[in-house]
1. Wholly within region A:107-198, which helices (runs of 4 or more DSSP H) include no fewer than the required count, namely at least 3 residues that are touching a residue at least 60 places away in the same chain (Cβ under 8 Å) and closer than 30 Å to residue A:45 by Cβ?
2. So, residue B:194, is that one touching a residue at least 40 places away in the same chain (Cβ under 8 Å) and either surrounded by fewer than 18 Cβ atoms within 10 Å (Cβ to Cβ) or within 14 Å of chain A (Cβ to nearest Cβ) (or both) or not?
3. Given the residues A:419, A:345, A:412, which is the only one that is touching a strand residue (DSSP E or B) at 6+ places or on another chain (Cβ under 7 Å), buried (at least 20 other Cβ atoms within 10 Å of the Cβ) and more than 10 Å from every other protein chain (Cβ to nearest Cβ)?
4. Taking residue A:16 as the residue in question, decide whether it is closer than 22 Å to residue A:491 by Cα and modelled with pLDDT of 90 or more.
5. Of the conditions (1) touching a strand residue (DSSP E or B) at 6+ places or on another chain (Cβ under 6 Å); (2) at pLDDT 85 or above; (3) not in a strand (DSSP E or B), residue A:534 satisfies every one except a single condition; which number is it?
6. Tell me whether region A:312-328 contains one or more residues that are more than 14 Å from every other protein chain (Cβ to nearest Cβ), farther than 18 Å from residue A:503 by Cβ and surrounded by fewer than 22 Cβ atoms within 10 Å (Cβ to Cβ).
């Protein structure tokens, strides 16, 4: 039997970082292939290449024996590939029927007039198929998340595809809806439709698939019939071992629990005043207090649930979780960018009442966001302007706001050296012109200038090369050794294991596990992040 | 998932585009244009270079500059103030009603001028604060707030005076707008203050940060709402200042003051190079833009073009400037 779809040596890099390496995989017709892998293993990139959103750097694809080189989503649709995405791609302001037939409305003869009756009957047929009892003219915005997912599937089916790809289709479904969805998948499978199913819920993948493929760091590490796999083997395969990454060594032990602080130096008031003048946030460094940051019962419905933890001075605390586990949302709530409904956040025992970024900064917090392009940098502004923004207030005379250009330039110069920004870039060059690694140094630099006591980092090394990564890790540890508490959110387990003193594991908005450095165990962490109940 | 594209560094861009971008970004381009235009028009335009004409042009140019400085600040924060000219009209009328020698509330009082001025400034600040509150706190779109503001306050000015102009203003007040050295000092002084505010102070940097990337600014501890509010208040204040100059110059307070000025204000600012997308702009550029638009206006008038022709040409010039802004942005985006 010849393969329906074949990947042949697919390789893809983003700015020098390989995300897919030589993927070769054949998919037989009528087969349901389950695909698993950690965040960043390359699943989405592979799907994007298949769907024509990205082009591979090397390798080729064949579809029913013929060359297949899509240049856009329309090419994928033309050969009969349909996608059901995790993020819903529906127009909420349109009806179900309009969403289904948006790109190919049935017409009245050759006139450019929509045949509404045909839309309604066709839509009703597909809705029956997926088991959704809503009239075709219902607006999508009035449907629940689960119902929308069914509409998404109906849309995929209505294009009469040969291959459907499901990317985490059950994340927004309730339990009953998930059961319905699985029954639908069984029906489609019985009918001989070829499917690729991607999910973090390993039990589901095992139950629904005929074959499994495991990706790790952009490499296909295993591919075979379902009988060869069980949950344990999948986790082991997904975790693997990676040796190409080194982590800087810790110089000093952090202050953990009730042990005496390593360095409890009394603060010299003169020195404190100097620091205050320089740091901009007006924070006088306090002696190490325990805990530095305390979070109790933090809750926001549907986002985070009853989160409690402590962060001590000098400690590097990691937060691990899969996509959608609520990690970044937790950070945003801590920094006052999003509201919370219950619980408390306090720094050195003083609660932050209705925190806002300006308050949090004044309390000595800093938050390096996940996306440097979206909310980390002003890309058109210069390197100096970006570096100085957070601490600008400390260089301004109060009242008039007149900036002291001498101290400002000195601060920029010192932080440029500290984060080892490329010396070839001038201070007034737009940040846009820098490479990803150097842009990240600018973002980190602007926060380090504030000398934060609580440093929250969300994916601090995303999309940058290994060398820059190592140096950024060094800077993070230096900050911790200077007495700050660091909270790192990362999708890369290696990064957390290499850097942290303690790791918290989140799943579906809840803290499900906590491990201290001596008990770090990759399998246990992943299991906790993946499973319904944490394996203890 | 790491679907992350590293932006290519600039040296990967083709050289021609690099040169084109540099040319488009040159901040003195508009000034060069204006200067060359002036030299070309000099011999062919009768009466362009006469003492009388130049001082007239300067007298109307200076209040426009003040008004455009306010617009520059608002545009830098990523907003727009369409109500600036309506603020001017209300301010002018209120000043007139207070100070005129016939029926004015303060007629005859020695304090008429100072109180009248304070009143005018107060009205400008209040309307600016209203705009700022609507945009920054109620999060209404600036376009909507100031467009309706333009209608409402424009109407209010007409209603207050029953559509009549007010004469017989105190001569001390008229001197403020009519004496060229005084007007020049005031206008350039205000422009200099705004220039310093933008380029040398904390608040200036905050205006730019909010316009460049609002979310980034918020995360970085910039008090975004206060900064946005401040931009509209400043625009209101400068509109009041411009109203004082214009009213004094005309020696009459009129609800129709500045009715045809909105296009000039936006045109001068945008032609100068201040971006309609926010985050980019300078007072110096606005000075160039004001010079350009005034040269266009005056020379076309002297060449006996009708008001409508002048408007058409101005409209085309603004469109060209907006196209330049959008082109620059598009190219930069491709490079990212």
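The values are calculated or read from the model by the stated rules, or taken from the named source; none is laboratory data. Just so it is clear, the structure is predicted and the values come from calculations on it, not from any experiment. Note that each Cβ is placed from the backbone with ideal geometry, even for glycine, and that neighbours are counted across all protein chains shown.
1. Details: elements: A:116-130, A:145-158, A:175-190.
Passing ranges, in order: A:145-158.
2. Values: touching a residue at least 40 places away in the same chain (Cβ under 8 Å): yes; either surrounded by fewer than 18 Cβ atoms within 10 Å (Cβ to Cβ) or within 14 Å of chain A (Cβ to nearest Cβ) (or both): yes.
Yes: the conditions hold for residue B:194.
3. Values: A:419 fails: touching a strand residue (DSSP E or B) at 6+ places or on another chain (Cβ under 7 Å); A:412 fails: touching a strand residue (DSSP E or B) at 6+ places or on another chain (Cβ under 7 Å).
Just a single option satisfies the conditions, and that option is A:345.
4. Details: closer than 22 Å to residue A:491 by Cα: yes; modelled with pLDDT of 90 or more: no.
For residue A:16, the condition - closer than 22 Å to residue A:491 by Cα and modelled with pLDDT of 90 or more - is not met.
5. (2)
6. No, there is no match, as no residue in region A:312-328 is more than 14 Å from every other protein chain (Cβ to nearest Cβ), farther than 18 Å from residue A:503 by Cβ and surrounded by fewer than 22 Cβ atoms within 10 Å (Cβ to Cβ).
Yes/no per residue for (1) touching a helix residue (DSSP H, G or I) at 6+ places or on another chain (Cβ under 6 Å); (2) crowded, with 22+ Cβ neighbours inside 10 Å; (3) farther than 24 Å from residue A:235 by Cβ:
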| site | (1), (2), (3) |
| --- | --- |
| A:455 | yes, yes, yes |
| A:485 | no, yes, yes |
| A:488 | no, yes, no |
| A:505 | yes, yes, no |
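Rundown of residues vs (1) part of a helix (DSSP H, G or I); (2) free of Cβ contacts under 8 Å to residues at least 12 places away in the same chain, yes/no style:
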| site | (1), (2) |
| --- | --- |
| B:218 | yes, yes |
| B:230 | yes, no |
| B:249 | yes, no |
| B:263 | yes, no |
| B:275 | no, no |
| B:281 | no, no |
| B:289 | yes, no |
| B:293 | yes, no |
| B:319 | yes, yes |
